[in-house]
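Here is the structure we will look at, set down as structure tokens.
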Amino acid sequence: MLNEGRFSMDQLGHRLLREGLITEQELTAALERQRLQGGRLGHNLVALGIIKQDELDKFFRRHPSAPKSVEETGLELTFIADLILKHLLFMGEFRMADVAERVKLCMAVIDRAMEMLRRDKLVEVKGGTGYATMTYTFKLTDQGKNRATELLDLCRYVGPAPVTLNDYRGVVEVQTVKSALVSEESTKRAFSHLILNEDILKRLGPAMSSGKAIFLYGPPGNGKTAIAETVGRLLPDTAYIPYAITVGGQIISIFDPVNHVPAEDSTRVDSVDQRWVLIRRPVVMTGGELSLRMLDLDFNPISKFYEASLQMKANNGVFIVDDFGRQQIDPQNLLNRWIVPLDRGIDFMTLHTGMKFSIPFDMLIIFSTNLEPKQLVDEAFLRRIQYKIKVDHPSEQEFLAIFRMVCHTNGVPFSEEAIDYLIRNYYRKYDVNFNACHPRDIIEHILVNSRYYQRPARLTKESIDAAWRNYFVEV
């Protein structure tokens, strides 16, 4: 029996079952094949001929459908009317189309809410050009202004209508990051701006395709953060994210312009629920500032609604924990917080009212650290991170390739003689390891000096000496 509370690819099977695309016997067969041969459930369904690949692709590309009635929104009519009333306080005179644009609901729903507000004498007709209510101009009555002010004191959320928790779960489940396949060709193309050891690329590709957590470790300054950021940009496709959701009468704001980049929708359909925003798969990065509080809902006592946790904002995308081990909290406490989500694909949130609820935990997590992994966490947690990739110092050949690339990017002529001088008189003489960041930083020093002295930037013995003395403290 499948665990109904688990947000994983098992949920794909449940949804395909509910929609009549497969039978229970076919799901059982696919799960058994998955147990024996591994891979994703969808891949096993296709391999057994139960479902076609194009049918599966179409399933993952679906969009949230626009509600055509109050009942289909999942919201109470009084809730919608109250939200509209708060909007109206800032609008002056308005038409129904203006309200629909703000709350992102269809005219049929707006019409019912406006009818309620007119009946309660909270809004009144100011004028009109015809007999249809959509041509009317409305305004708030004094009673409506007082009521709207009272509502703002209770909750200052004035934005698009939220979606329900169940609708949020369903959409996250359908557009799971585990459905975002990456190919060897796209991986090489995405990392072409970096000089990486071939072995790292070979290991990164399958790790990304797995959708499981990745642990990048190794000495500082060798590209772990750059790799993690590139992984985020590599994920194909787009995802829908709601402006906000409602749980237990509370509103949780999810869409964040800092972490969510709206995507162009060339195939935009009018049937899409406008309460959802099409974005590029999210990439949320945090570093030493990360605290346990940031992994929980943030209730603002002034605005009186919640901001989503970081992992909610990262759902269907990538969550990068940079400089892992240098947070203000103990690494073990941080990882303990994620043991259940990593195992079960589900996380739990708590409202200030005490109500607890579950949300999907659907993201590719990347831990990046320059500390020794075994000094940070125990073996039990490392076992849960199935992909551990060491990003080490570059070889001399890779170091030279990086230097060539940096020089080309910055318009500085590459000089083999100058680089030989650098390696012989500094790296070998003082036993300094090559770091992938050194070429960029040394060239930056040379560029700054050239601008200051108003002369062309050149790789010379003198410019290298000056850059080295400024950059390294031990020499």
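The values are calculated or read from the model by the stated rules, or taken from the named source; none is laboratory data. This is a predicted model, so every value here is computed, not measured. All Cβ positions, even for glycine, are placed from backbone atoms using ideal geometry, and neighbour counts span all protein chains on display.
Among the residues of the stretch 386-412, which ones are farther than 15 Å from LEU216 by Cα, among the β-branched types (Val, Ile, Thr) and either touching a strand residue (DSSP E or B) at 6+ places or on another chain (Cβ under 6 Å) or crowded, with 19+ Cβ neighbours inside 10 Å (or both)?
ILE402, VAL406, VAL412
Can you name the number of the only condition in (1) exposed (fewer than 13 other Cβ atoms within 10 Å of the Cβ); (2) modelled with pLDDT of 95 or more that ASP343 fails?
Unmet for ASP343, out of (1) exposed (fewer than 13 other Cβ atoms within 10 Å of the Cβ); (2) modelled with pLDDT of 95 or more: (2).
In the stretch 386-413, how many are farther than 28 Å from ILE214 by Cβ and either of a type in the set (Gly, Ala, Ser) or outside the structural domain of ILE443 (by TED's automatic domain parsing) (or both)?
Residues that pass the stated criteria total 1.
Might you let me know whether the stretch 308-330 holds any residue that is more than 30 Å from ILE443 (Cα to Cα), of a type outside the set (Phe, Trp, Tyr) and free of Cβ contacts under 8 Å to residues at least 12 places away in the same chain?
yes
If you check GLU93 against the conditions, is it under 30 Å from ALA29 (Cα atoms), of a type in the set (D, E, K, R) and touching a residue at least 24 places away in the same chain (Cβ under 8 Å)?
No.
Can you report the number of residues in the stretch 261-303 which are surrounded by 13 or more Cβ atoms within 10 Å (Cβ to Cβ), of a type in the set (Lys, Arg) and at pLDDT below 95?
2
If you go through the stretch 248-260 one residue at a time, how many are loosely packed, with under 13 Cβ neighbours inside 10 Å and at pLDDT 95 or above?
0
Here are LEU152, LEU194, LEU181, LEU165: which of them is surrounded by 13 or more Cβ atoms within 10 Å (Cβ to Cβ), farther than 30 Å from TYR243 by Cα and within 35 Å of the chain's Cα centre (by Cα)?
LEU194
Just the residues that are of a type in the set (Gly, Ala, Ser) and either surrounded by fewer than 19 Cβ atoms within 10 Å (Cβ to Cβ) or farther than 21 Å from PRO220 by Cβ (or both), please, taken from the stretch 313-340.
Listed by number, the residues that qualify are ALA314, GLY317.
Please note which helices (runs of 4 or more DSSP H) are completely contained in the stretch 42-143 and include at least 3 residues that are loosely packed, with under 15 Cβ neighbours inside 10 Å and at pLDDT below 85.
Counting at least 3 such residues, we get 53-60.
Quick test for you: out of ARG383, ARG424, pick the one residue that is exposed (fewer than 15 other Cβ atoms within 10 Å of the Cβ), assigned by TED's automatic domain parsing to the domain that holds THR225, assigned to a helix (DSSP H, G or I) and not hydrophobic (A, V, I, L, M, F, W, C).
ARG383
Quick check on my filter: what residues within the stretch 291-316 are among the hydrophobic types (A, V, I, L, M, F, W, C) and either assigned to a helix (DSSP H, G or I) or under 16 Å from the mean Cα position of the chain (by Cα) (or both)?
LEU292, MET294, LEU295, ALA308, LEU310, MET312, ALA314 - these are the residues of the stretch 291-316 that are among the hydrophobic types (A, V, I, L, M, F, W, C) and either assigned to a helix (DSSP H, G or I) or under 16 Å from the mean Cα position of the chain (by Cα) (or both).
Hey, ILE245 hits all of (1) assigned to a loop (DSSP other than H, G, I, E, B); (2) surrounded by 14 or more Cβ atoms within 10 Å (Cβ to Cβ) but one; which does it fall short on?
Condition not satisfied by ILE245: (1).
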